[in-house]
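Novice: Sending over a structure as structure tokens; questions will come in a sec.
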Amino acid sequence: MSKNEEFKSILKERLTEKRYIHSLNVADSAVMLAEIYGADKDKAYTAGLIHDSFKDTPAGLQLSYLLENKVPLTDIELNTAKLYHAICGAVFAEKNLGISDEDMLNAIRYHTTGRENMSLLEKIIFIADFISAERDYNGVEIMREKAVRSLDEAIVEGLSFTIKDLIDAERVVHPDTLGAYNDALFKIQQEKK
């Protein structure tokens, strides 16, 4: 059995059917983007597949897992349960699935917030999560078009929506998210000069 087949059977036990299908779709979108941008397709598939491995775990158990594993958390991370699953996913990938590739672990870790100076793989997983086949939110087609044209344009598009949404809900915006937005926008502006 290949590693990805092994990971699929583990994920089937951990995730709802809907989340499992999402994970398969993100993996497929990640491979498509990896082909366009020249990234490692195997790493993209695996990181996309396991990015949400903790998404269906209750927040309290996610926090316990992070504390048990002595993962350092900022105050924002500690007090924002929606961020736990990505951090847990990276820890789980390393400790339970035997993934030691730092780029893959970072792609899983930052797939929700993004961050400044993301690697190509990190950008691919971040965007693949936005454009996976089952996504049908208002504007997904624009995201898909931008994703195949420019990862940075897609990041700005996705984070514009995310940041507005957080502000409208009067929720904190993680500094990594602002860093990712500013970094991608700056790169676009530099390319236009």
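The values are calculated or read from the model by the stated rules, or taken from the named source; none is laboratory data. As the structure is a prediction and not an experimental result, all values here were calculated from the model. Every residue, glycine among them, receives a Cβ derived from its backbone with ideal geometry; neighbour counts consider all protein chains shown. What goes into the accessible areas is simple: the full protein's heavy atoms, side chains included, and nothing from ligands, DNA or RNA. Shrake-Rupley method; radii C 1.70, N 1.55, O 1.52, S 1.80 Å.
Novice: In Å², what does the accessible area per residue of region 10-52 work out to with a 1.4 Å probe?
Specialist: Per residue, region 10-52 has an accessible area of 46 Å².
Novice: So what is the relative contact order of region 76-193, in percent, for Cα pairs below 8 Å that sit 6 or more residues apart?
Specialist: About 25 percent, as a whole number.
Novice: Contour minus end-to-end for residue 35 and residue 189, with contour as 0.36 nm per residue of separation and end-to-end as the Cα-Cα distance?
Specialist: Working it through step by step, the gained length comes to 52.9 nm.
Novice: Moving to a separate point now. Just from the alpha-carbon atoms, what are the Rg and Dmax of region 31-155 in angstroms?
Specialist: In order Rg, Dmax, the Cα atoms of region 31-155 give 14.6, 42 Å.
Novice: Do you know the relative contact order of region 1-95, to the nearest whole percent, from alpha carbon pairs under 8 angstrom that are 6+ apart?
Specialist: Worked out over region 1-95, it gives 27 percent.
Novice: How far apart, in nm, are two points set 7 Å out from the Cα along the Cα-to-Cβ line at residue 5 and at residue 61?
Specialist: Going from the residue 5 label point to the residue 61 one covers 2.8 nm.
Novice: Between 47, 30, 60, whose Cα lies farthest towards the positive end of the dipole of region 25-108 when Lys and Arg beta carbons carry +1 and Asp and Glu beta carbons carry -1, centred on the Cα centre?
Specialist: Comparing the listed Cα positions along the dipole, 60 ranks first.
Novice: Excluding the sites themselves, what is the longest stretch of the chain that contains no GluC sites (Glu not before Pro) in a DSSP loop with at most 13 other C-beta atoms within 10 Å?
Specialist: My reading of the result: 1-133 is the longest stretch.
Novice: Would you calculate a helix-derived [θ] at 222 nm for the chain, using -39,500 (n - 2.57) for each DSSP H run of n ≥ 4 and dividing by the full residue count, to the nearest 500?
Specialist: The helix contribution divided over the chain gives -22000 deg cm²/dmol.
Novice: Quantify, in whole percent, the carbon and sulfur part of the accessible surface of the chain (1.4 Å probe; protein heavy atoms only).
Specialist: Carbon plus sulfur share of accessible area: 51 percent.
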